[in-house]
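Have a look at the structure below, then the notes.
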Amino acid sequence: MNIVQVLVNSLITSAELGLIAIGLSMTFSILRFANFAHVESAVLGAYLVYLFNVTLGWNFALSILVSTLILGTVGLALHRFIFRRFANSGDITPMIASLGLAITIRHGIQAIWGPQHVVYDYEVLPGNKIFGAFITDPQIWILITAVSAMVGFHCLLQYTRIGTAMRATAANVDLAQACSIDTQKVILLVWFIGTGFAALGGILIGWDTQVDPYLGFNLVIPIFCVVLIGGVGSVYGAIIGSLIVGFAQNFGLAFNYAPLINLFGLLDLGDRFDLPAAYKPAITYMAVVLILLIRPTGIIRKEVS
Amino acid sequence: MEQLIGFGIYLVTVTCIFAMLAMSLDLQVGACGLMNFGQVVFMMVGAYATAIAANAGINPYACIVISMAVAALLGVVMSLTVKNMGGTYWGILSLSMAELIRLVFLNERWLADGANGLSVLITIPYFSLTVVVSTLFVILILRVIWLSPFGRVIRMIREGDRLPLALGKNVLLFKLETMAIGGAIGGLGGSFYALLNSYISPDDGLPIETFIIWAMVVVGGRGNLLGVVAGTVFIQILFVGSRFLTHIVDIDAGVLAPLRFVLIGLLIMGVMMFRPQGLIPERKRVYRI
Amino acid sequence: MYNGDSAAPSPGAPEPLLKVRNVSKAFGGLRALRNVSLSAARGKITGLIGPNGSGKSTLFEIIGGFQKADQGRIEFNNVEIDGLPPYKIGHLGLLRTFQLSEGGERMTVLENLLAAVSGQEEHRLVRFMLRFPRVMREEAENLEKAKDVIQLLGLRREANEYAGNLSGGQRKLLDLGRVFMSGATLCLLDEPTAGVNPTLVNTILDALKVMNLERGISMLVVEHNMRVVSEICEHVYVLDAGAVISDGPPEAVQNDEQVLEIYLGQDRTSAE
Ligand SMILES: Nc1ncnc2c1ncn2[C@@H]1O[C@H](COP(=O)(O)OP(=O)(O)O)[C@@H](O)[C@H]1O
Ligand SMILES: [Mg+2]
């Protein structure tokens, strides 16, 4: 496969994963539980765009905007009506509750839209040929959208008071509270932005390929993988983690393992051995297992002050 | 009428099998605090072991024992990854491990015919009776474990490693034993599962199965065998009962199937929100003073 | 000027039960322990005092095997224990408690005491199954023992209460109860009277005396309350900023200039 193609695919996967992972990493750190339902917000966001864009025939950009905002609000509602009450009940109870929520959303989607995949309504054009790789217009738009969302978020974090408060809270809630930061306000904002970004990530996946009700499950481990690599609570870590996972997923398949295996003299496989495409998810599963065994606190642990 | 009795027996058997899987999970989660999100893998591996052994012409009872041994071994391997990891992290790890194993069964045709799955062409006499008696036996064993010094120590481990370590308990060994027993019971359930359905495929090991088993445990009541069994029966009734709903109300089967899971999800959520200890909570052991 | 551990064994004196030699530990740039040497005499109560953050709990973590020292050696009962996993150290009869009592919250006081019994190989499942009658007999004996301990600690009303529902002071008592049950020969107590109301302090003091005099359990005690220290300790070490700055009998240490300085500078009441 063309190397530029793999590179572009990796970047797109990373952008999608990164947007979704940011919110999970922050809630994981601040609220101290693993929200298994987080990825389902991404899927729900993607389906809402389908509803607006295809079923109701709205403008595509408008559909994306509205869907993202709705999911942000849904995040607030989830906090208000479900997760807020778990403030003092440890990490296990809210985690199991989030599992229940994930099952509810996933199968709710299936009950409404059916088990088949759906695609959005936009004109399919032949891709642009860049360095021998085919890159479609939507893919370019996806990258632009993701990068601008992240840059916007970066500016919020770096140049506003509330952004500083968010970074401080995500890094260490107790310390932030002790420094009289209004953590309640921060938590609400984290839910809003985190869930909204997740929706945006899901929408981009839908735009890039398609959405089906099982998308959430296929995402859950890769997203945790991103968060664990980046370090729980680190926004920039999540972005770097998503690049690593995105590249590993795409290059892992494009890589010829034969020389490596022959080098160790394990087996003689001839001169070409690719990982079968069916094992693509295995790359992240293996990564999660190894990361947790080696360094449960995350690979890139960069404290933000 | 005969059909109805047959269906009744089938139901009882299925419920018993899931009760075993749920009690096995409860030993790990409810007693020892091991958040196993890959519980279904014991069932799947146990079922596959029986299928492969049966196809190799091994005696059915030996197949069951093999299943238990293989799943117990898997439990040991899984326990080696626990180390001193927090519950959440090991939950994610066990989920990944279970999916990895399922992926291997799905893709390796030489191992168990990949996605096609395997047929199990053996039976044992008085199958349903055997399952029921085995379930009762499992209940008895787990009850004894819970009351034993071993059970006391793993309940201490549930609250954290540090105190039991200070008291000289080899925490990892206790976790290993817990996972081995949990695995063996899960493997037994899996073996029966294969014998009951005469078939096993990677689809039987989907993560959603794990979460159904979790629902049985948390809805019924972690740390209470009666609660777990009640939870299993309750969820089973919910599943089977809703199947008959199509006869009563005009609802499409394609919509009903996911709605059942929505109900399960809501149940898990509701219980965690309003009664986190489950419908029949763990009971305190009171000694006379 | 402080010139070394005065309780270090001189020829002819009995070997101390615990010997800590030149232990250092740094957390990043923070040197929590610098070359700490101290020893705990057999059958005696040894005190360890020092202001907050001076490294007392860190030392306990290291002796108990919960954290690794950067350097230094630790010997317990003539066995080198540095580098051993915590459970092996516990098994040898060295039991440490935690500054904030932790663990066993969803077990009753009695169950906590029973779980503390060590050397009971039947805690392991296979042996339990194989030797069922013997285990049950031992259980009955241990239960009687636990009831005595509960009587001694005055926890009779709370015997069947979850440990998580006890007050801070009662949990400290339970920590002591576990020491009684465990058969440990040395226990490291991290602030056994911190945050405990005065009546309970006396109960704890009495329990400590029983433990030491009647059961012969040696102790290394971190304690801020000087009254307690002078009453029970034979020998006291003073830790400041990770280093031992003084040691000797409580009266001597209390009048040591340097010690007065760090304590008066920090908190007058605790130095009295
Ligand atoms: N795990 C740790 N990581 C980083 N610093 C630590 C850790 N444990 C203790 N410290 C630091 O080491 C110093 C000694 O702490 P501690 O042993 O708890 O003191 P003490 O028990 O005497 O009050 C303190 O400054 C504390 O902040
Ligand atoms: Mg301390």
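The values are calculated or read from the model by the stated rules, or taken from the named source; none is laboratory data. What you are looking at is a predicted structure, and each value in this text was computed from that prediction instead of being measured. Every residue, glycine among them, receives a Cβ derived from its backbone with ideal geometry; neighbour counts consider all protein chains shown. Just the protein is used for accessible areas: all its heavy atoms, side chains included, with ligands, DNA and RNA removed. Shrake-Rupley method; radii C 1.70, N 1.55, O 1.52, S 1.80 Å.
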**Request:** Under 8 Å between Cβ atoms, at least 6 apart or on separate chains: pull out the pairs that start in segment B:31-47 with a residue that is over 21 Å from B:Tyr61 (Cα atoms) and end on any residue that is part of a loop (DSSP other than H, G, I, E, B).
**Result:** B:Ala31/B:Gly223; B:Gly33/B:Glu159; B:Leu34/B:Val82; B:Val40/B:Leu206
**Asked** Filtering segment C:185-200 down to residues that are away from ligand 1 (no atom under 16 Å from the Cβ) and open to solvent by 10 Å² or more (accessible area, probe 1.4 Å), which residue is nearest to C:Leu155 (Cα to Cα)?
**Response** C:Leu200
**Message:** Could you check segment C:50-65 and list, in sequence order, the residues that are away from ligand 2 (no atom under 13 Å from the Cβ) and over 13 Å from the mean Cα position of the chain (by Cα)?
**Reply:** C:Gly65
**Residue among C:Asp70, C:Asp82 that is away from chain B (no Cβ under 11 Å), without any contact (Cβ under 8 Å) to a residue 60 or more places away in the chain, closer than 20 Å to B:Asp161 by Cα and among the acidic types (Asp, Glu)** = C:Asp82
**Request:** Please work out which one of (1) more than 10 Å from chain C (Cβ to nearest Cβ); (2) open to solvent by less than 10 Å² (accessible area, probe 1.4 Å); (3) not charged (D, E, K, R) is the condition B:Pro164 fails and give its number.
**Result:** (1)
**Selection from segment C:1-34 of residues that are exposed (fewer than 10 other Cβ atoms within 10 Å of the Cβ) and modelled with pLDDT under 75** = C:Met1, C:Asn3, C:Gly4, C:Ser10, C:Pro11, C:Gly12
**Fill in**
Filtering segment C:37-66 for residues that are open to solvent by less than 10 Å² (accessible area, probe 1.4 Å), away from ligand 1 (no atom under 11 Å from the Cβ) and either hydrophobic (A, V, I, L, M, F, W, C) or away from chain B (no Cβ under 14 Å) (or both) leaves a count of 7
**Request:** Go through segment A:212-246 and count every residue that is away from chain B (no Cβ under 14 Å), open to solvent by less than 10 Å² (accessible area, probe 1.4 Å) and over 12 Å from A:Ser25 (Cα atoms).
**Result:** 1
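Got a sec? Which of C:Ile89, C:Ile74 is assigned to a strand (DSSP E or B) and either charged (D, E, K, R) or in contact with a helix residue (DSSP H, G or I) (Cβ under 9 Å, 6 or more places away or on another chain) (or both)? Reasoning before the result, please.
Values: C:Ile89 fails: assigned to a strand (DSSP E or B).
Answer to the check: C:Ile74.
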**Prompt:** Filtering segment A:64-90 down to residues that are modelled with pLDDT of 95 or more and among the hydroxyl-bearing types (Ser, Thr, Tyr), which residue is surrounded by the fewest Cβ atoms within 10 Å (Cβ to Cβ)?
**Reply:** A:Thr73
**Complete:** In segment C:186-213, residues that are within 16 Å of ligand 2 (Cβ to nearest atom), of a type in the set (A, V, I, L, M) and within 14 Å of chain B (Cβ to nearest Cβ) total 2
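From the set of residues in segment B:131-150 that are open to solvent by less than 20 Å² (accessible area, probe 1.4 Å) and within 9 Å of another protein chain (Cβ to nearest Cβ), which is farthest from the chain's Cα centre (by Cα)? Outline the logic, then answer.
Just the residues of segment B:131-150 that are open to solvent by less than 20 Å² (accessible area, probe 1.4 Å), to begin with: B:131, B:135, B:138, B:142, B:145, B:148-150.
After this cut, where a residue has to be within 9 Å of another protein chain (Cβ to nearest Cβ) as well, the list is B:145, B:148-150.
On the way: B:Ile145: 17, B:Ser148: 22, B:Pro149: 24, B:Phe150: 21 Å.
The extreme case among them is B:Pro149.
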**Prompt:** Residue check: is C:Leu173 open to solvent by less than 10 Å² (accessible area, probe 1.4 Å) and either within 16 Å of ligand 1 (Cβ to nearest atom) or modelled with pLDDT under 90 (or both)?
**Reply:** no
**Prompt:** Out of the residues in segment C:208-260 that are among the hydroxyl-bearing types (Ser, Thr, Tyr) and within 16 Å of ligand 1 (Cβ to nearest atom), which is farthest from the chain's Cα centre (by Cα)?
**Reply:** C:Ser246
**segment C:95-143, residues that are at pLDDT 95 or above, surrounded by fewer than 22 Cβ atoms within 10 Å (Cβ to Cβ) and more than 8 Å from chain B (Cβ to nearest Cβ)** = none
**Asked** Which one of these is within 14 Å of chain A (Cβ to nearest Cβ) and surrounded by fewer than 15 Cβ atoms within 10 Å (Cβ to Cβ): B:Arg275, B:Arg222, B:Arg283?
**Response** B:Arg275
**Request:** Consider C:Phe76 carefully, then state whether it is aromatic (Phe, Trp, Tyr) and within 15 Å of ligand 1 (Cβ to nearest atom).
**Result:** no
**Request:** Please enumerate the residues belonging to segment B:234-271 that are at pLDDT 90 or above and loosely packed, with under 15 Cβ neighbours inside 10 Å.
**Result:** B:Ile237, B:Gly270
**Item:** All positions within segment B:12-32 that are over 15 Å from B:Gly183 (Cα atoms) and open to solvent by 10 Å² or more (accessible area, probe 1.4 Å)
**Value:** B:Val12, B:Val14, B:Thr15, B:Cys16
**Message:** Suppose we filter segment B:64-115 for residues that are of a type in the set (S, T, N, Q), crowded, with 16+ Cβ neighbours inside 10 Å and more than 7 Å from chain A (Cβ to nearest Cβ); how many remain?
**Reply:** 3
